[in-house]
1. Non-local amide H neighbours of Leu153 (under 5 Å, H modeled in plane, Pro and chain starts lacking H): which ones?
2. For segment 328-415, give me the percentage of DSSP beta bridges that are antiparallel, rounded to the nearest 5 percent.
3. Just check segment 156-261 against the gyration tensor rule for me: Cα atoms, a ≥ b ≥ c as the square roots of the eigenvalues, rounded for a/c under 1.5, and otherwise prolate or oblate depending on whether a/b exceeds b/c.
4. Do the sum for the chain: with -39,500 (n - 2.57) for every DSSP H run of n ≥ 4, divided by all residues, what is the mean residue ellipticity at 222 nm, to the nearest 500 deg cm²/dmol?
5. Taking amide H atoms as placed 1.01 Å from N in the peptide plane, list the residues 5 or more away in sequence, or in a different chain, whose amide H sits under 5 Å from that of Ala354.
6. What figure, in Å² to the nearest 10, do you get for the accessible area of Ile405 with a 1.4 Å probe and non-protein molecules left out?
7. Would you please classify the overall shape of segment 108-182 from the alpha carbon gyration tensor, given that a ≥ b ≥ c denote the square roots of the eigenvalues, rounded means a/c under 1.5, and beyond that prolate means a/b larger than b/c while oblate covers the rest?
8. Would you list Leu241, Leu175 from the most to the least accessible area, probe 1.4 Å?
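The values are calculated or read from the model by the stated rules, or taken from the named source; none is laboratory data. Values in this document were obtained by computation on a predicted structure and should not be read as measured data. For neighbour counting, all protein chains shown are included, and Cβ atoms are generated from backbone atoms with ideal geometry for every residue, glycine included. The area values use the complete protein model at the heavy-atom level, side chains included, leaving out ligands, DNA and RNA. Shrake-Rupley method; radii C 1.70, N 1.55, O 1.52, S 1.80 Å.
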Amino acid sequence: MYRAPRGTADILPEEQRYWHYLEAGARAVAQRYGYGRLETPVFENTGLFVRGVGQGTDIVEKEMYSFDDRGGDSLTLRPEGTAPACRAYLEHGMRNLPQPVRLYYFSPAFRYERPQAGRFRQHHQFGVEALGDGDPSVDAEVVEMAWQLMNGLGLTDLTLLVNSIGDPQCRPAYLEHLKDYYKPLAERLCQDCKERLERSPLRLLDCKQPTCIIMAQEAPQTVDHLCPECRDHWKKLLGYLQKLDVPFRVEPRLVRGLDYYTRTVFEIHPAEEGGQSALCAGGRYDGLIQELDGPPTPGIGFAAGMERMVLNLKRQEVPVPDEYFVKAIVAYLGDDAKETAISLASQLRSKGIATILAPAGRSLKAQMRYANSLGIPYALILGDDEIKNGSVVLRDMTQGEQREIQLQSIAEELDNLITS
Ligand code: HAM
């Protein structure tokens, strides 16, 4: 028997309320901050990610789902949404619009990672990107937005980590300091870090191996080696966040696994987990659009993992409404009643009341058992007597009480009960 591929998951009907809740919450935040929805294709030219995300990153080196199509082009299932958003910005001449252009997206992302709790090979992101404005007030807007999103969803006990990793002006000198610090310690580094030392030394700071964590604690910090422009940007951002009452913690070892970041980087973590737990992550990427052959254009954004948010909504037992819940079942006895039952169910649905018809060929008792097992709050029962009287029996399934009501007033009566 086939199963869903390793690292992927079906999202079943009973899970959907979490997804609807997240989508509604995220969309409301995006709209409040003036972001417009963008949808890009599920696959892009492979080169977009190789150049955008970076040749030496885990994503490009080990995790992309790339394939040649029948025309011989190399395509890749989107591993993230920032490079595609920048591609769309350039392709559609969005730099001629008033800047910044504010975009948001919901999209599946594909990474060949080792599956574990909260880590999938297909996951879903809600992301935002503000393109074309390098002012630190835009950083503050995006960080605040991520924080508001989590708060608005009812998630608590979260930590917002921020850092600045400088830009091409100040980072090279910092990286030299970092390598000088690590070289005498190289023997004690884990195998991955030994390999990263020359290629992407920043990543040594966020290695999760215990000995590497200890070494990272004493390592030189990016924020102590910023050029005057980056330092000014960083100070302003921290000032704005304080003014906005966004509670953050400066984390000098916060670096990101994608190459395009400059200056601001941030993540939001739940209290409970360790390393791989970021609910949401992002930062500034002022060189990315240029890397994709566009003009120098600043950008900043974040993406939140939908599966991880669902996991935390459940863990924290956040009450999530189920607006798609069936409210009524029409039960019946006999063929005449069946016809009326079919029309009644249809009539209730057209009034916006989620209704199903009881399955055919069952006793009334069995129909009631069926309604109970689905947790349906109201049953409408039609038999010969009711048909004769032009009425229906309305049964409150939780209280076990029932009364007879005229057919023409049942929709209104039920609507009152449901909305009260
Ligand atoms: P990222 O940190 O790679 O950043 O992913 C963003 C979020 O997606 C993570 O914080 C996590 O919640 C979720 N996520 C990532 N990988 C997985 C996975 N394998 N399974 C489940 N959830 C996952 C980016 O993708 C950047 N494009 C974010 C960004 C937008 N930066 C600027 N703008």
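1. none
2. 55
3. Oblate, because a/c is 1.5 or more while a/b does not exceed b/c.
4. Counting only the DSSP helices, I get -11000 deg cm²/dmol.
5. Amide H to amide H, under 5 Å and 5 or more residues apart or across chains, Ala354 pairs with Lys327.
6. 20
7. Taking the square roots of the gyration eigenvalues as a ≥ b ≥ c, segment 108-182 is oblate.
8. Leu175, Leu241
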